[in-house]
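Here is the structure we will look at.
The values are calculated or read from the model by the stated rules, or taken from the named source; none is laboratory data. Predicted, not measured: the structure shown is a model, and the values here were computed from it. All Cβ positions, even for glycine, are placed from backbone atoms using ideal geometry, and neighbour counts span all protein chains on display. Keep in mind that these areas ignore ligands, DNA and RNA; they rest on the heavy atoms of the full protein, side chains included. Shrake-Rupley method; radii C 1.70, N 1.55, O 1.52, S 1.80 Å.
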Amino acid sequence: MPHTPGTPGTPGSSATSPAPASCPVTGASSGAGGGPVPALFSWEFASDPYPAYAWLREHAPVHRTTLPSGVEAWLVTRYADARQALADQRLSKNPVHHAEPGKTGIPGERSAGLMTHLLNIDPPDHTRLRRLVSKAFTPRRVAAFAPRVQELADRLIDDLAARGSADLIHEFAFPLPIYAICDMLGVPAEDQDDFRDWAGMMIRHGGGPRGGVARSVKKIRGYLAELIHRKRESLREEGADDLISGLIRASDHGDHLTEAEAVAMCFVLLFAGFETTINLIGNGAYALLRHPEQRARLQASLAAGETGLLETGVEELLRYDGPVELATWRYATTGLTIGGQAIPAGDPVLVVLAAADRDPDRFGAPDTLDLARADNQHLGYGHGIHYCLGAPLARLEGQTALATLLTRLPDLRLAVDPEELRWRGGLIMRGLRTLPVEFTPSAPPPRA
């Protein structure tokens, strides 16, 4: 998620390589000894960014570039450097350290009063808020939610199984996490279609003008504030066990969430939770369709009632073509060095998870999909104190969705040439716009 373009700092004594000269429009520049930097952030790049990232890892592993928004930032592409940067507390998550914070972060969050969430704060505030949210967003709550996720997945497959064709993004990968997070938060069933519409606007406008996303953010913020107020008023009478009620209870024992913090936390759980899971399901299904031998192994494992390959397989799909291409924004609070490159204070740093997770210095045959890959310490959900709080829920949804697809629609196949598929624009997330598929029609099984 994302300043007047910054001025390259003077390398300190610890630096070993100067910043390359960057083109203010395309981000292309001259790399040290490797020829011109590949074009970044074009539509062609979005279709397959991995060759460009391989070039950066080799020739300019910490690379200053101009983003499509006009913001200048450092891209960190090697695994070891990425892991260091994700845990380095000299890289702040708070946009106050940037010259123009309105050009970074989630569009509209500042004007909507949604800045006090885990993606925008550092210790000690981060420590306090994460502890409070963890009291409500427990492993027990996620585990208890598994039957509901399975019910949603089956219902969505029921709706399309008889047709023999579908768009897996819009008819499966998109609604599943939206309805799931709404249920977990405690959004009443009659309001969930509104949430689906607002989330759809955020997805559609994610790679375009920030105003389209900002309007959806404002609507969601207003609704959540009202819902939290209603739940706080009726909490003792209803004994509700949804996530919002859990956050309110956590806020009433010593440490507390303010009303604004509770709204911001619910918003970021929704915002950070639904698009990542859409992309996990969509990218994962696409990768399996492109690798029939891996898919057949997984289907055989599921048919035998095994779960081990499903679990390692989802981790491999997160590594191979994960839902989050770049980690969310970080800002240097002081001059520091990453990978031998001096980073001046105030500069934004973007860790390229997609590049780090294909680093051949960390992963053998990194461009090969291997669902049984061992020692797969990918960075798909981050590292350090900002490791994704919702990772267990996303894994549950990803495993359930892919297992249900492969079991219920066993001959699933692409309905278009892969060259016809388009990836959504945007900086942080990586996901398909559509995923047209075909399969043998079938009647939905009887429900008890």
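The residue that is nearest to residue 198 (Cα to Cα), among those in segment 271-282 that are open to solvent by less than 10 Å² (accessible area, probe 1.4 Å) and out of contact with any strand residue (DSSP E or B) (no Cβ under 7 Å at 6 or more places or on another chain), is 274.
Picking from residues in segment 239-259 that are over 19 Å from residue 140 (Cα atoms), open to solvent by 20 Å² or more (accessible area, probe 1.4 Å) and in contact with a helix residue (DSSP H, G or I) (Cβ under 8 Å, 6 or more places away or on another chain), the one that is modelled with the lowest pLDDT is 255. Of all residues in segment 156-166, none satisfies being out of contact with any Cys (no Cβ under 8 Å at 6 or more places or on another chain), among the polar types (S, T, N, Q) and part of a helix (DSSP H, G or I).
Among the residues of segment 396-414, are any assigned to a loop (DSSP other than H, G, I, E, B) and open to solvent by 20 Å² or more (accessible area, probe 1.4 Å)? Yes, because at least one residue in segment 396-414 is assigned to a loop (DSSP other than H, G, I, E, B) and open to solvent by 20 Å² or more (accessible area, probe 1.4 Å).
Residues that are modelled with pLDDT of 85 or more, in contact with a Pro (Cβ under 9 Å, 6 or more places away or on another chain) and under 25 Å from residue 423 (Cβ atoms) do not occur anywhere in segment 296-308. Residue 306 meets the conditions (1) open to solvent by 30 Å² or more (accessible area, probe 1.4 Å); (2) within 27 Å of residue 424 (Cα to Cα); (3) among the charged types (D, E, K, R) in every case but one. The failed one is (2). Taken over segment 367-382, the criterion of being surrounded by fewer than 21 Cβ atoms within 10 Å (Cβ to Cβ) and either of a type in the set (Ser, Thr, Tyr) or on the phi < 0 side of the Ramachandran plot (or both) is satisfied by 367, 368, 369, 370, 372, 373, 374, 376, 377.
Considering only segment 349-357, I want to know if a residue exists there that is of a type in the set (Gly, Ala, Ser), within 18 Å of the chain's Cα centre (by Cα), under 30 Å from residue 445 (Cβ atoms) and open to solvent by less than 30 Å² (accessible area, probe 1.4 Å). There is no residue in segment 349-357 that is of a type in the set (Gly, Ala, Ser), within 18 Å of the chain's Cα centre (by Cα), under 30 Å from residue 445 (Cβ atoms) and open to solvent by less than 30 Å² (accessible area, probe 1.4 Å).
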